[in-house]
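This is the structure, below, for whatever I ask next.
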Amino acid sequence: MRALVVDDEPPALSELTFLLERDGRCESVQPVGSGADALRVLEAGGVDVVFSDISMPGLDGMELARVVARSEHPPLVVFVTAHEEHAVDAFAVQAVDYVMKPVSPARLAQAVDRVVGALAQRTAADPAQDLERSTGTTGEPADERIAVELGGVTRFVRRSAVRYVQAQGDYVRLFTGSASHLLRVPLTTLETRWADAGFVRIHRSTLVNLAHVGQVRQGQGRLALRLLPDGPELPVARRHARAVRERVLATGE
């Protein structure tokens, strides 16, 4: 793969470039010291992945990733930063990984593994689809990777693994089959962003992923959804009952 390294701190830039050059999977590694310089390199093409710091003067790493995502064939993005607080924003631009400084060779190798896997998927896909950021190979919304904190470690959860979401103030809690994760995003934001991916509002504080619904139960004038496999039973508010029932039946057709 051909990598571009972006960092305004020379020692960090040199160290990351050195580590990537030692990895036999990197065909070339080009270091630059600013987001503006990175854009000039990207305009020429030929970059598969960008390893970028986030906090930089001028065009920072997050802004750079947003610009990159708008290109016709965007390179993958890996954030390399000393700041944990940007992890939530990383999933919005669909970063492949989020590596904390100081970077260890083992941790960087894991990031490269993910990049190689993502590039392999892109190569195998229909060139007309090319696994673009906005859609998947079947025309459905791409399965987002959500950055979450667990035990001081940033991990990524697939949106398709989220069974339901509950609001907790200005935050939400994502429930998967085996764990839950707190995310600093309003429920209304996820309701809009994930609507096309099969998430529906069943209560003022709950979204559910219809792909995980196993049963629809009606009793005493109340509607409830039972999640698979042997999951919890979630009550549906009266105001949402008709729309939810129609969506569930449509999904099952």
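The values are calculated or read from the model by the stated rules, or taken from the named source; none is laboratory data. Note that the structure is predicted; figures quoted are calculated from it, not measured. Counting neighbours? That spans all protein chains shown, and the Cβs are built from the backbone with ideal geometry, glycine included. The area values use the complete protein model at the heavy-atom level, side chains included, leaving out ligands, DNA and RNA. Shrake-Rupley method; radii C 1.70, N 1.55, O 1.52, S 1.80 Å.
Considering the stretch 168-186 alone, what residues qualify as being buried (at least 18 other Cβ atoms within 10 Å of the Cβ) and at pLDDT 90 or above?
VAL172, LEU174, PHE175
Look at LEU19 and say whether it is touching a residue at least 40 places away in the same chain (Cβ under 8 Å) and in a helix (DSSP H, G or I).
Yes: the conditions hold for LEU19.
Now for a different question. Within the stretch 182-219, which residues are assigned to a loop (DSSP other than H, G, I, E, B) and closer than 21 Å to LEU249 by Cβ?
TRP194, GLY198
Among (1) at pLDDT below 80; (2) under 19 Å from the mean Cα position of the chain (by Cα); (3) small (Gly, Ala, Ser), there is one condition SER160 misses while meeting the rest; what is its number?
All conditions pass for SER160, except number (1).
So ARG25 clears everything in (1) of a type outside the set (S, T, N, Q); (2) part of a strand (DSSP E or B); (3) touching a residue at least 60 places away in the same chain (Cβ under 8 Å) except one condition, right? Which one?
Looking at each condition in turn, ARG25 falls short on (2).
Take the residues of the stretch 201-215 that are of a type in the set (A, V, I, L, M, F, W, C) and open to solvent by less than 10 Å² (accessible area, probe 1.4 Å): which is nearest to ARG163 (Cα to Cα)?
In this case the residue turns out to be VAL208.
Is there any pair with a first residue in the stretch 182-203 that is free of Cβ contacts under 8 Å to residues at least 60 places away in the same chain and a second that is assigned to a helix (DSSP H, G or I) and open to solvent by less than 30 Å² (accessible area, probe 1.4 Å) whose Cβ atoms are under 8 Å apart and which are 6 or more apart or on different chains, and what are they?
Every condition considered, the pairs that remain are TRP194/ARG159; ALA197/ARG159; GLY198/LEU210; PHE199/LEU190; PHE199/LEU210; VAL200/LEU210; VAL200/VAL244; ILE202/VAL244.
Filter the stretch 219-253 down to the residues that are in contact with a strand residue (DSSP E or B) (Cβ under 8 Å, 6 or more places away or on another chain) and of a type in the set (S, T, N, Q) and list them by number.
Matches in the stretch 219-253: THR251 only.
In the stretch 69-88, how many residues are buried (at least 18 other Cβ atoms within 10 Å of the Cβ) and of a type outside the set (A, V, I, L, M, F, W, C)?
4
Mind counting the residues in the stretch 187-200 that are surrounded by fewer than 12 Cβ atoms within 10 Å (Cβ to Cβ) and in contact with a strand residue (DSSP E or B) (Cβ under 8 Å, 6 or more places away or on another chain)?
Summing the residues that are surrounded by fewer than 12 Cβ atoms within 10 Å (Cβ to Cβ) and in contact with a strand residue (DSSP E or B) (Cβ under 8 Å, 6 or more places away or on another chain) in the stretch 187-200 gives 1.
How many residues does the stretch 90-136 contain that are open to solvent by 70 Å² or more (accessible area, probe 1.4 Å) and modelled with pLDDT under 50?
So the count comes out to 5.
If I go through the stretch 40-66 residue by residue, how many of them are open to solvent by 50 Å² or more (accessible area, probe 1.4 Å), in contact (Cβ under 8 Å) with a residue 24 or more places away in the chain and either part of a helix (DSSP H, G or I) or under 18 Å from ARG145 (Cα atoms) (or both)?
2
Exactly one of these conditions fails for ALA36: (1) out of contact with any Gly (no Cβ under 7 Å at 6 or more places or on another chain); (2) over 15 Å from LEU119 (Cβ atoms). Give me its number.
Of the numbered conditions (1) out of contact with any Gly (no Cβ under 7 Å at 6 or more places or on another chain); (2) over 15 Å from LEU119 (Cβ atoms), the odd one out for ALA36 is (1).
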